1. For a quick protection proxy, order the peptides 236-245, 298-307 by their average other-Cβ count within 10 Å, most packed first.
2. Given N residues in the chain, what is its alpha carbon radius of gyration divided by 2.2 N^0.38 Å?
3. How large is the helix-only mean residue ellipticity at 222 nm for the chain, computed as the sum of -39500 (n - 2.57) over DSSP H runs with n ≥ 4, divided by its residue count, in deg cm²/dmol to the nearest 500?
4. When Lys and Arg each count +1 and Asp and Glu each count -1, what net charge do the other residues less than 12 Å away from residue 289, Cβ to Cβ, add up to?
5. Order of 83-96, 262-275 by packing, highest average Cβ count within 10 Å first?
6. From the phi of every residue in segment 188-202, what ³J(HN,Hα) in whole Hz does the Karplus formula 6.51 cos²θ - 1.76 cosθ + 1.60 yield, where θ is phi - 60° and glycine or proline is x?
7. Taking 2.2 N^0.38 Å as the expected size of a compact globular protein, what ratio does the Cα radius of gyration of segment 210-335 give against it, to two decimals?
8. Rank 269, 245, 306 by how far each Cα sits towards the positive end of the charge dipole of the chain (+1 on Lys, Arg Cβ; -1 on Asp, Glu Cβ) and give me just the farthest.
Amino acid sequence: MGAILGVLLVAHVVDVIQELLPGFEGTIPEAEDFDAEADAVALEDAIGRGRIDDDVVNDILPNRSNAQRQEIQEQFMSLFGESLYDRVNDRVRRDRLRHVIKGMLLTPMQYDARCLNQAMKGIGSSDDDVIGEILCARPNGYLEQLKEVYEERYGNPLMEDIENNCRREFERFMLAILCCAREEGLDAIDEDQAAEDAQELFDAGEERWFFTDESVFTRICARRSWMQIRLINHKYQEISEDFDLLGAIENEVDGDLKRAYKAIVRMALDPAYFFARNAHKALKGLGTDDDALQRAVIFTSEWALGTVKEKYEESFGSSLADDIADDCSGDYKDMLLAIVK
């Protein structure tokens, strides 16, 4: 039941995104003539004691919806008395391929929980960019359930782990987001409030002689709806002679907190670009950031990746598939390309 709930709650993400930018499309629809038992048998044979049959794995997993992949795992357990996830973990030796297959077998919420847990490495050592990337791009209902899934899987409350592994204002911002008090829906759009918020942000940043009042940025970025933040950005440009909201954050805030605020604003302005940019950064840095690439591709695959691919090519002048083919190799590359299509 928990796995199915994790799949269903992605619909809440889709509903919120559709308010921002209607028409999002994924690359993995539900398979027609789906036979979970036949797929389970084929995967048992493909991930056996000998060499992994990549063609079979690539033919099945990237062509079944997440809900169908959960059914395959239930059938696998009932047929062979073993978890398919554990079989992959034990038998697939190539790290990058194993990680992407395991990511495909988790629900989106389980996958986010795993990524967050892996990012928690102690104050000063945690990967705050991963934490911010995930939490800044998820709506309230999803986050409420994510907190439950995280605690079920790892034994600690997510908010407690944030407190113990992050620091100062970044910690406060993440905790504010996890309170799930962000306004949502078209009713939350208020032009007068947007003008007030824009002025307050200007006064807290550009207008101050010393030290940005980050608490103002935290409160507004954590509480206002993404649609409202889009409007706040417009109002901010009417006030400032030099910057839009992204530019103001770039100039007034530092470090991980700056990147988290900007993630909120980017998500508000253009969610397709938000995810496309994450994929591009993963591919175009000094060496491929495989974890970031997998997050960008796996999380969006069923509901947004088709749209993200279009935005990627429009923004960066090359296709996502071509850049993956250039930067990745072997069966790992083949699996990613099978997802991206």
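All of the numbers you see were taken from the coordinates with simple rules; none came from a lab. Since we're looking at a predicted model, the values are computed, not measured. With ideal geometry, Cβ positions are generated from the backbone for all residues, glycine too; neighbour counts draw on all protein chains shown.
1. Final packing ranking: 298-307, 236-245.
2. Working: Rg = 20.8 Å, N = 341, 2.2 N^0.38 = 20.2 Å.
Dividing the Cα Rg of the chain by 2.2 N^0.38 Å gives 1.03.
3. -21500 deg cm²/dmol
4. With Lys, Arg at +1 and Asp, Glu at -1, the net is -2.
5. Highest mean packing first, the order is 262-275, 83-96.
6. 3J(HN,Hα) across segment 188-202, in whole Hz: 7, 7, 9, 5, 5, 5, 4, 5, 5, 5, 4, 5, 5, 5, 4.
7. Details: Rg = 16.6 Å, N = 126, 2.2 N^0.38 = 13.8 Å.
Taking the Cα Rg and dividing by 2.2 N^0.38 Å, one obtains 1.20.
8. 306
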